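Written out below as structure tokens is the structure these notes cover.
The values are calculated or read from the model by the stated rules, or taken from the named source; none is laboratory data. Please read these numbers as outputs of a predicted model, since none were measured by experiment. Glycine also receives a Cβ, built like all others from the backbone with ideal geometry; neighbour counts cover every protein chain displayed. Heads up: the accessible areas ignore ligands, DNA and RNA and are worked out on the full protein's heavy atoms, side chains in. Shrake-Rupley method; radii C 1.70, N 1.55, O 1.52, S 1.80 Å.
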Amino acid sequence: MKCKIVLLVFYAILSTQLHSQVNNVSLDTTNFEKEKKLTIKLDIVSRYLWRGQCWGGDYVSIQPTVEYAVTPKFSLGFWATTNFKGDYFYPDGVTAYKGYQEMDFYATYQITDYLQFQLWDYYWPSVSRVDGVNNSFFNYGKNGVKTVDATLYFDFSEGYKYPFNATISTLVAGNDYRYDSFGNNPKQNFTTYIELGYSLLPFNKLPYSSIKDIEFDPVIGVVLNNKAEYYTNADYDKVSFVNMGLKATKEIALGKGVTMPLFINYIHNEAKSNLETFGKNFVVVGMSLNF
């Protein structure tokens, strides 16, 4: 009789524990399901600059982003840009790009709370027919318009004493080839770019709500090995500081979870050569709509 009572008590305790664990698992799943999985963003910028590279001249560009969180750590996304110009070259027939478009697919995985791995598939087909350029989406060869970028992104902006971030980006596949002095023997260059940024809120202690949440983000970015000339507005034979800038952002809440950041960005390209077309100093203004 005593044995039966002990077994019944043990069964009751075990059942309670299992029920509690199931509830916890269900709660975690429910919390993730309640989180926002789909993120949509639309940027409108006065010109498109990427890591100090001026692609698409000084024309206004539209840049949509769509991202879906498959799990709390793993996301898939799409990003694009266009300036709606139909001419690849400027009137001299040599200078590019006047018209520019790009469509990128990417995946991110959050390794830790501060470290994220990103894999980007860049695709920038020419807006018009260009001799020697193959716009096929699956062409990662020497005449293609595709590259694959593997990136480690360190972000200490939330919850850390020093809110800095760092990017280590290497092109691991696609049209990133260096050649010998005769233009032969193409080899994958694995062009690598490193960037260090910081976040500042210099007015957050002031009583003026209109400026207290303005964020300033200084940045410095450098290309380590550019012999493939992937970064066209940069030095080809040495380390090149192509992206030195300061960005100011003011976010406006529009209600129902929609925000509209306004920003102005100053970028200086410190390369010593290949800056004749667009120069080395740029100011980009823009706005975003985040849904």
| task | Go through (1) without any contact (Cβ under 8 Å) to a residue 40 or more places away in the chain; (2) open to solvent by 80 Å² or more (accessible area, probe 1.4 Å); (3) not aliphatic (A, V, I, L, M) and name the single condition LYS227 misses. | result | (1)
| request: Would you check which residues across the stretch 150-171 are among the polar types (S, T, N, Q) and assigned to a loop (DSSP other than H, G, I, E, B) and list them? | output: SER157
| message | I'd like to verify a number: residues in the stretch 269-291 that are open to solvent by 40 Å² or more (accessible area, probe 1.4 Å) and small (Gly, Ala, Ser), how many? | response | 1
| Residues in the stretch 159-173: is at least one among the β-branched types (Val, Ile, Thr), open to solvent by 20 Å² or more (accessible area, probe 1.4 Å), more than 13 Å from the chain's Cα centre (by Cα) and over 21 Å from ASN225 (Cβ atoms)? | no
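Out of the stretch 248-274, which residues are of a type in the set (Gly, Ala, Ser) and at positive phi?
Taking the stretch 248-274 and keeping what is of a type in the set (Gly, Ala, Ser), we get 248, 253, 255, 257, 271, 273.
Residues satisfying the conditions are GLY255, GLY257.
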| message | Tell me the residue from LEU224, LEU201, LEU206, LEU196 that is touching a helix residue (DSSP H, G or I) at 6+ places or on another chain (Cβ under 7 Å) and among the aliphatic types (A, V, I, L, M), please. | response | LEU206
| field | Scope the stretch 175-205; condition surrounded by 11 or more Cβ atoms within 10 Å (Cβ to Cβ) and over 30 Å from PHE138 (Cα atoms); matching residues | value | LEU196, GLY197, TYR198, SER199, LEU200, LEU201, PRO202, PHE203, ASN204
| Filtering the stretch 55-98 down to residues that are of a type in the set (D, E, K, R) and open to solvent by less than 70 Å² (accessible area, probe 1.4 Å), which residue is nearest to ILE111 (Cα to Cα)? | GLU67
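Which residue out of THR108, THR147 is in a strand (DSSP E or B), surrounded by 18 or more Cβ atoms within 10 Å (Cβ to Cβ), over 13 Å from the mean Cα position of the chain (by Cα) and of a type outside the set (A, V, I, L, M)? I'd like the intermediate steps shown before the answer.
On the way: THR108 fails: over 13 Å from the mean Cα position of the chain (by Cα).
Of THR108, THR147, the one residue that is in a strand (DSSP E or B), surrounded by 18 or more Cβ atoms within 10 Å (Cβ to Cβ), over 13 Å from the mean Cα position of the chain (by Cα) and of a type outside the set (A, V, I, L, M) is THR147.
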| Per-region count, the stretch 208-231, residues more than 19 Å from the chain's Cα centre (by Cα) and either within 21 Å of GLU276 (Cβ to Cβ) or of a type in the set (Lys, Arg) (or both) | 5
